[in-house]
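Please read the structure below before turning to the comments.
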Amino acid sequence: MSYIDGFILPVPLELLDDYLRFTRRAGEIWKEYGALEYVECVGDDIRPGEHTSFPQSVKLQPGETVIFAWIRYASRHERDRILAEVMDDPRLSDMMNQADLPFDSKRLFWGGFMERVRL
């Protein structure tokens, strides 16, 4: 089964186009190194919950939306290999300055997941 890196983060609506350009460029590099899938989804129906929700998880502020994204790999081993190569790629060096990112990286969270069910 596949291995997935999943991401949740807030993006200011005024920077959404910049963010999508940023991720399109990054996604092309990830896929070049062997990622099977690179998906970015923009919040559409993300109401605050009573106890937890996507907006609450990133401390969503007015004028922001939530991004739900994932990268799919053939295996954990492939993910570790691809991630190491991507992080060393000089084409991403200009994208790694936290101050220049089109989102608040302090409110981004991510994790690696082993796929168990696919229908």
| So how do 44-57, 7-20 stack up, highest first, on mean other-Cβ count within 10 Å? | 7-20, 44-57
| message | Among GLN61, LEU9, ALA99, which residue has its Cα furthest toward the positive end of the charge dipole of the chain, with +1 on Lys/Arg Cβ and -1 on Asp/Glu Cβ? | response | LEU9
| query | Where does each of 27-39, 106-118 land if you order them by average Cβ count within 10 Å, highest first? | reply | 27-39, 106-118
| note | Computed for the chain: size of charge dipole around the Cα centre, +1 on C-beta of each Lys and Arg, -1 on C-beta of each Asp and Glu, debye to nearest 20, value 380 debye
| message | Looking at the chain only, what percent of DSSP beta bridges run antiparallel? Nearest 5 please. | response | 100 percent
| message | Restricting to Cα pairs below 8 Å that are 6+ residues apart, what does the relative contact order work out to for the chain? Please round to a whole percent. | response | 49 percent
| note | Here D for the chain, in µm²/s, from Stokes-Einstein with a Kirkwood Rh over Cα pairs at 25 °C and 0.890 mPa s, works out to 161 µm²/s
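Just so you know, all these numbers are worked out from the coordinates, no wet-lab data involved. All of these numbers come straight from a predicted model, not from anything done at the bench. Glycine also receives a Cβ, built like all others from the backbone with ideal geometry; neighbour counts cover every protein chain displayed.
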